[in-house]
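Okay, structure first, notes after.
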Amino acid sequence: PAPPSPSPAPRPNVRVGVGVLLRQLEHGGTAPPTVIAGVRKGSHGAGSLALPGGHLEFGESWAECAAREVMEECGLTVPVEDLRMLHVTNDIMESENKHYVTIFMCASVSSMERAENLEPDKCAGWGRYKLSELRAMTGEG
């Protein structure tokens, strides 16, 4: 009998990511809000600015994932009921053999709260950025 033909290479799975846009209202809401973001380390997008977030776990709602990731990465408590869906992207990164559906959630946190860098192997540190600063960094300002 003929030897079995080799199996085709397995296709990578599509992963679901959740990113969280955390707005901090300044001076009682009279100044433009800032957004918490950090510089990624050691994964795709290393060296670029990113929002807190991670992978959706089996059985989690999007809001539960967002609240868990913010606590794990920044040490901030965001009630699940305060999180809202903002945007969804479908990102195929052929050069990295990755495919992500990313759900962006948003919530506001007190300007008195400071994000701690609880995963220094994944993030160089959290900062607060005005939307105008983020637009300037991406060339959209």
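The values are calculated or read from the model by the stated rules, or taken from the named source; none is laboratory data. Owing to the predicted nature of the structure, the values given are computational and were not obtained by experimental measurement. Using ideal geometry, Cβ is built from the backbone for each residue, glycine included, and neighbour counts are taken over all protein chains shown. Note: accessible area is taken over every heavy atom of the protein model, side chains too, but ligands, DNA and RNA are not part of it. Shrake-Rupley method; radii C 1.70, N 1.55, O 1.52, S 1.80 Å.
The table that follows gives values for the structure above.
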{"item": "Residue within the range 75-86 that is in contact with a strand residue (DSSP E or B) (Cβ under 7 Å, 6 or more places away or on another chain), modelled with pLDDT of 95 or more, open to solvent by 60 Å² or more (accessible area, probe 1.4 Å) and acidic (Asp, Glu) present", "result": "yes"}
{"item": "Residues that are in contact with a strand residue (DSSP E or B) (Cβ under 8 Å, 6 or more places away or on another chain), open to solvent by 30 Å² or more (accessible area, probe 1.4 Å) and not basic (Lys, Arg), drawn from the range 32-43", "result": "Pro32, Pro33, Val39"}
{"item": "Candidates Ala46, Ala63, Ala107, Ala2 - the one that is among the small types (Gly, Ala, Ser), over 12 Å from the mean Cα position of the chain (by Cα) and open to solvent by 70 Å² or more (accessible area, probe 1.4 Å)", "result": "Ala2"}
{"item": "Given (1) surrounded by fewer than 17 Cβ atoms within 10 Å (Cβ to Cβ); (2) under 14 Å from the mean Cα position of the chain (by Cα); (3) under 20 Å from Leu131 (Cβ atoms), index of the condition Glu26 fails", "result": "(2)"}
{"item": "Positions within the range 97-141 being basic (Lys, Arg) and over 14 Å from Val20 (Cα atoms), in sequence order", "result": "Lys98, Arg114, Lys122, Lys130, Arg135"}
{"item": "Of all residues in the range 91-132 being among the aromatic types (Phe, Trp, Tyr) and over 21 Å from Leu56 (Cβ atoms), the one that is modelled with the lowest pLDDT", "result": "Tyr129"}
{"item": "Selection status of Arg128, in contact (Cβ under 8 Å) with a residue 40 or more places away in the chain, farther than 17 Å from Gly54 by Cβ and not in a helix (DSSP H, G or I)", "result": "yes"}
{"item": "Spans of strands (runs of 3 or more DSSP E) in the range 1-93 with at least 1 residues in contact with a His (Cβ under 7 Å, 6 or more places away or on another chain) and farther than 20 Å from Gly125 by Cα", "result": "15-26, 84-93"}
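Results for (1) closer than 19 Å to Glu96 by Cα; (2) free of Cβ contacts under 8 Å to residues at least 24 places away in the same chain, shown as yes or no for each residue.
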| site | (1), (2) |
| --- | --- |
| Arg15 | yes, no |
| Glu26 | no, no |
| Ala31 | no, yes |
| Ala46 | yes, yes |
| His55 | yes, no |
| Gly59 | no, yes |
| Glu64 | no, yes |
| Glu69 | no, no |
| Glu73 | no, no |
